[in-house]
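What follows is a set of notes on a single structure, which appears directly below.
The values are calculated or read from the model by the stated rules, or taken from the named source; none is laboratory data. Since the structure is predicted, the reported quantities are computational estimates derived from the model, not experimental observations. Glycine gets a Cβ as well: all are built from the backbone with ideal geometry, and neighbour counts include every protein chain shown.
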Amino acid sequence: MKVKKVLFLLVVCFYLFGCGSLPEPRIITNKFTINEDYDFIWTAIIETLSDLQLPIQTIEKDSGLIATDWIPFTKEAGKEYADYGKLGLLEHADTLEGKFNIFVKKITETSCEVRVNCTFEQSTRNLEGDFVRRAPCVSTGVLEADIYNSILEKVGR
């Protein structure tokens, strides 16, 4: 009988502390074709990142790569931009951070492909405020669409 009680307590503890789950993968649109000159699109992307105050870590115009550093998001923006799955019962979301790689590839003289890759990670804490884990999140596709729409505004579309 004592063994059953111990097993029951172990199962309950496991449920309370570790019942979080990773988010389901999503299919999002992160690749866009823009009918405009490469240099014009490149400038629009730089202006967009500046307007959004995203810190650029790497910028290589010849290869078409722009990468940001990790950026903290508010809880409100985090819920819109990233899905971190289900947290454990005794966990709460702490900080959400994201970083972005934007690739621009010339297709023709008057069109380019722009790809926006977002990576998100959620930190969680237990009820006492101790760090629990840092887990990958799944992008909702909203931020990629926002960046694309901002670039389109800059190129006058």
Just the residues that are in contact (Cβ under 8 Å) with a residue 60 or more places away in the chain, assigned to a strand (DSSP E or B) and surrounded by 15 or more Cβ atoms within 10 Å (Cβ to Cβ), please, taken from segment 83-99. ASP83, GLU91
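Yes or no: segment 12-22 includes at least one residue that is modelled with pLDDT of 80 or more and either touching a Phe, Trp or Tyr at 6+ places or on another chain (Cβ under 7 Å) or part of a loop (DSSP other than H, G, I, E, B) (or both).
Step one: filter segment 12-22 for residues modelled with pLDDT of 80 or more, giving none.
There is no residue in segment 12-22 that is modelled with pLDDT of 80 or more and either touching a Phe, Trp or Tyr at 6+ places or on another chain (Cβ under 7 Å) or part of a loop (DSSP other than H, G, I, E, B) (or both).
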Only one residue in ILE102, ILE41 is modelled with pLDDT of 95 or more, in a strand (DSSP E or B) and surrounded by 12 or more Cβ atoms within 10 Å (Cβ to Cβ), so which one is that? ILE102
When only residues in segment 122-157 that are farther than 13 Å from ALA44 by Cα and among the β-branched types (Val, Ile, Thr) count, which is surrounded by the fewest Cβ atoms within 10 Å (Cβ to Cβ)? VAL142
Within segment 105-121, which residues are crowded, with 20+ Cβ neighbours inside 10 Å and touching a residue at least 60 places away in the same chain (Cβ under 8 Å)? CYS112, VAL114, VAL116, CYS118
Just to be sure before I move on: is THR68 within 15 Å of LYS99 (Cβ to Cβ) and in contact (Cβ under 8 Å) with a residue 12 or more places away in the chain in the structure I sent? yes
Filter segment 133-150 for residues that are more than 19 Å from GLU36 (Cα to Cα) and among the hydrophobic types (A, V, I, L, M, F, W, C); the one that is farthest from the chain's Cα centre (by Cα) is ALA135
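Taking the conditions exactly as written (at pLDDT 95 or above and either surrounded by 14 or more Cβ atoms within 10 Å (Cβ to Cβ) or closer than 23 Å to PRO23 by Cβ (or both)), does TRP70 satisfy them or not? Spell out how you get there, then give the answer.
Working: at pLDDT 95 or above: no; either surrounded by 14 or more Cβ atoms within 10 Å (Cβ to Cβ) or closer than 23 Å to PRO23 by Cβ (or both): yes.
In short, no.
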